[in-house]
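S.K.: Before I ask anything, let me first share the structure, which is written out below as structure tokens.
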Amino acid sequence: MNKYYQILGKVLSSGKMQSNKKGNIRYLLNEQLTLLPADLLDIFEGHTIARKKLKNELQLFMRGERNVEKYREVGINWWDYCGSILVNSYPTYFEKLPPLIERIKKEKRNSKNYILFLGSTGTESNQAPCLSLVQFQIEQGELVMTAYQRSSDANLGLPADIYHLYLISRQIELPLKSITLNLSAPLPFVGQKRMFAKEFMKVLEQYPDGTLFVDLFGGSGLLSHIAKSLKPHSTVIYNDFDNYRFRMKHIPQTNQLLADIREMVGNSVPRHKIIKGELRERIFSRIEQEENTTGYVDFITLSSSILFSMKYKLSVQDMRKEALYNNIRKTGYPECTDYLEGLEIVSCDYKEVFNRYKDIPGVVFLVDPPYLSTDVGTYNMYWNMADYLDVLNVLKGHSYVYFTSNKSSILELCEWIGRNRDLGNPFENCTKVEFNAHMNYSSSYTDMMLYKKEAA
């Protein structure tokens, strides 16, 4: 079975359900598809693809043709819903491709990243491309293409995207080594900004290549990775405080552990159902064996396969308190050895990183702190109000890209402070009394009373 059909099978067997304006959708996140020339041949020969139409379509795109009638003339009718004009769509971006191809053919530089960005031009759009960015690299005289997608219609759009990428590769006078489609960070991570990737790319377009970007809360490295891919001449500082690179280093080991658990479960437990009894204990025994033998288990990645959605535990002891589910990934994680390539990696408190670079002219800080009052157990910390507000010092007087949530109410708080600048701290020198209350055996909270008597 070719790799495209494998992806389709994976969507059907492991996909989650979602309802939106288009109806019911079965989907997968965090997928990657790496295709060698033999894989491409296998797909093109084993799946019906409108090759002539797609070739004509790409040619029209590269000419910047926006007249929908021109597409109808070559038998292409899937753009009819856009009306008479393709506004700010594929032609807007693909017309940049011919000069880029000529540049690649002329330079053929092994050390250079050539980037085609398919982002916003700031004009009205009636169709946003599924592809967000295409990266061209030359490795020992062979062409390596890496494409990033904001979304993909696996049934219809994905084969067309693959064929377009293949046609583009044929225009470059180099043998094709591989085409890889990345949809997000390689491994699960709490709070990764995969949903913001396309909009983040639009922001990066405002800065020249060569800008210094400092990712203070690096997390999965996705923001740093995108910044370096889009701005290859820029210095990008990735603060890997959570040791994501260490998790990536152990992907082969993690894949083997998941493969063993997958074999244990087999067909004995339906997908997304609870794993009980003796099988549950065997899984825990295998995890403990892994930890005792190798000294390391990627519990975050493991949690995404055997715990309820969005639950992450960092030890077997904590996992034993939870129900196990058969959400086991059907295939191993890609190793993505070039994911962090070109980044300058540090691992320390964000304040230290900030102080190191704050005085450099033109620096742009990428600021994605843990959300306010969130139990960020995977970070081994609790992010409280004072921590959250301290981050705001980073923003003053600097260019930044800042991420937050309506759960934090930080914008409303800052707006209120702006309207009441003379208030100061009304609780200064007051007395605080605390009372610990329990709702049940596992949930508690603290009530507080604060008082202060002003002089008469």
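S.K.: Being more than 26 Å from the chain's Cα centre (by Cα) and in contact (Cβ under 8 Å) with a residue 24 or more places away in the chain is the filter here; which residues of the range 24-49 pass it?
M.R.: P37, D42, I43, F44, G46, H47, I49
S.K.: From G219, G295, grab the single residue that is in contact (Cβ under 8 Å) with a residue 60 or more places away in the chain and not hydroxyl-bearing (S, T, Y).
M.R.: The unique qualifying residue is G219.
S.K.: Taking helices (runs of 4 or more DSSP H) that do not extend beyond the range 359-429, which have at least 2 residues that are more than 23 Å from I237 (Cα to Cα) and modelled with pLDDT of 80 or more?
M.R.: Counting at least 2 such residues, we get 410-419.
S.K.: Could you tell me whether the range 274-286 includes any residue that is among the aromatic types (F, W, Y) and outside the structural domain of R320 (by TED's automatic domain parsing)?
M.R.: Within the range 274-286, not a single residue is among the aromatic types (F, W, Y) and outside the structural domain of R320 (by TED's automatic domain parsing).
S.K.: While we're here: Could you give me the residue pairs with C-beta distances under 8 Å whose first residue belongs to the range 60-72 and is assigned by TED's automatic domain parsing to the domain that holds L100 and of a type in the set (G, A, S), whose second residue is at pLDDT 90 or above and in a strand (DSSP E or B) wherever it lies, and which are 6+ apart or on separate chains?
M.R.: none
S.K.: In the range 51-63, is there at least one residue being within 12 Å of A160 (Cβ to Cβ), surrounded by 15 or more Cβ atoms within 10 Å (Cβ to Cβ) and more than 31 Å from the chain's Cα centre (by Cα)?
M.R.: Looking through the range 51-63, at least one residue is within 12 Å of A160 (Cβ to Cβ), surrounded by 15 or more Cβ atoms within 10 Å (Cβ to Cβ) and more than 31 Å from the chain's Cα centre (by Cα).
S.K.: Here is a follow-up. Are any of the residues in the range 254-265 on the phi > 0 side of the Ramachandran plot, surrounded by 12 or more Cβ atoms within 10 Å (Cβ to Cβ) and either touching a helix residue (DSSP H, G or I) at 6+ places or on another chain (Cβ under 8 Å) or free of Cβ contacts under 8 Å to residues at least 60 places away in the same chain (or both)?
M.R.: no
S.K.: Take the conditions of a type in the set (S, T, Y) and either in contact (Cβ under 8 Å) with a residue 24 or more places away in the chain or in contact with a Ser or Thr (Cβ under 6 Å, 6 or more places away or on another chain) (or both) and apply them to T301. Does it pass?
M.R.: It is true that T301 is of a type in the set (S, T, Y) and either in contact (Cβ under 8 Å) with a residue 24 or more places away in the chain or in contact with a Ser or Thr (Cβ under 6 Å, 6 or more places away or on another chain) (or both).
S.K.: Select, from L33, L100, the only residue that is farther than 18 Å from Y163 by Cα and among the aliphatic types (A, V, I, L, M).
M.R.: Sole residue among the options that is farther than 18 Å from Y163 by Cα and among the aliphatic types (A, V, I, L, M): L100.
S.K.: Based on what the data block shows, is F246 outside any loop (DSSP other than H, G, I, E, B), surrounded by 12 or more Cβ atoms within 10 Å (Cβ to Cβ), aromatic (F, W, Y) and within 20 Å of the chain's Cα centre (by Cα)?
M.R.: For F246, the condition - outside any loop (DSSP other than H, G, I, E, B), surrounded by 12 or more Cβ atoms within 10 Å (Cβ to Cβ), aromatic (F, W, Y) and within 20 Å of the chain's Cα centre (by Cα) - is met.
The values are calculated or read from the model by the stated rules, or taken from the named source; none is laboratory data. This structure is a prediction, so every number in the text was calculated from the model and none was measured. No Cβ is skipped: glycine too gets one built from the backbone with ideal geometry, and neighbour counts run over all protein chains shown.
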